[in-house]
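Only one structure is covered here, and it is reproduced in the block below.
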Amino acid sequence: MTEIEKTLENKNVRPTAMRMLIYKYMAEKEIAIALNDIENAFAKAERTTLYRTLKTFEENGIVHQIDDGTGISKFALCEAGCNCEIEQDLHLHFHCSNCNETVCLTEHKIPHINLPDGYVAEDANLVLKGICDKCSGQ
Ligand SMILES: [Zn+2]
Ligand SMILES: [Zn+2]
Ligand SMILES: [Zn+2]
């Protein structure tokens with residue numbers, strides 16, 4: 001069994017050929033990808049199949065969705081052991097306004113916020129904006 005098959009099975013996702021290809025594609029990218037990127041990379045596949053694969057990945061904690069403020073949802077692979085839990089797994093993201101790429105800053109978790117009584121946080125989306133290392137030339 002390959003690493004990818006194992007990873008999918010551990011997340012209770014049946015490792016079909018398509019799912020493994022999409023996982024591999026995302027693992028090779030260091031940036032968050034949009035559905036559109038996947039569509040371009042798998043031009044022969046049905047759009048709905050690609051969309052459903054991403055949704056299945058998201059529902060099973062294989063990828064997380066990122067709203068980087070561009071209006072296009074992006075997705076990135078979760079780290080091993082991630083449950084997409086607020087204050088445990090959720091991390092900051094960085095969006096480069098020059099190349100328009102978004103990356104995970106997985107070492108930087110979303111800090112604990114003491115909410116007023118009665119408020120229950122369910123999700124968090126913190127995006128830093130600026131210029132990435134490639135664009136700043138440093
Ligand atoms: Zn996750
Ligand atoms: Zn950049
Ligand atoms: Zn991320």
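The values are calculated or read from the model by the stated rules, or taken from the named source; none is laboratory data. Since the model is a prediction, treat every value here as computed from it, not as a measurement. Note: ideal-geometry Cβ built from the backbone for every residue, glycine included; neighbour counts use all protein chains shown. Remember, those area values only see protein heavy atoms, side chains included, never the ligands or the DNA or RNA. Shrake-Rupley method; radii C 1.70, N 1.55, O 1.52, S 1.80 Å.
Below are the figures for this structure:
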| read-out | value |
| --- | --- |
| Among beta bridges that DSSP assigns inside the chain, antiparallel share in %, nearest 5 | 75 percent |
| Pairs of lysines in the range 52-138 (C-alpha under 21 Å apart; 8 or more residues apart or interchain) | 5 |
| Loop-located chymotrypsin sites (Phe, Trp or Tyr not before Pro) in the range 70-138 whose Cβ has at most 10 other Cβ within 10 Å (DSSP) | 119 |
| Cα lying deepest toward the dipole's positive end in the chain, options 48, 114, 60, charges on Cβ | 48 |
| Which of 20, 7, 82, positive extreme of dipole for the chain (C-beta unit charges) | 20 |
| FRET efficiency, 1/(1 + (r/R0)^6) with R0 22 Å, evaluated for residue 60 and residue 121 via beta carbons | 0.50 |
| Accessible carbon and sulfur surface of the range 15-138 relative to its total accessible area, %, 1.4 Å | 49 percent |
| Residue-span extension gain [residue 129 to residue 5] - 0.36 nm each, minus C-alpha spacing | 41.1 nm |
| At most 16 other Cβ within 10 Å, DSSP loop - GluC sites (Glu not before Pro), the range 4-78 | 30, 46 |
| Dipole magnitude of the range 1-127 about its Cα centre (Cβ charges: Lys, Arg +1; Asp, Glu -1), debye to nearest 20 | 600 debye |
| Per residue, in Å², the accessible surface of the range 31-123 once ligands and nucleic acids are set aside, probe 1.4 Å | 61 Å² |
| Reference-scaled alpha-carbon Rg (2.2 N^0.38 Å with N residues) for the chain | 1.11 |
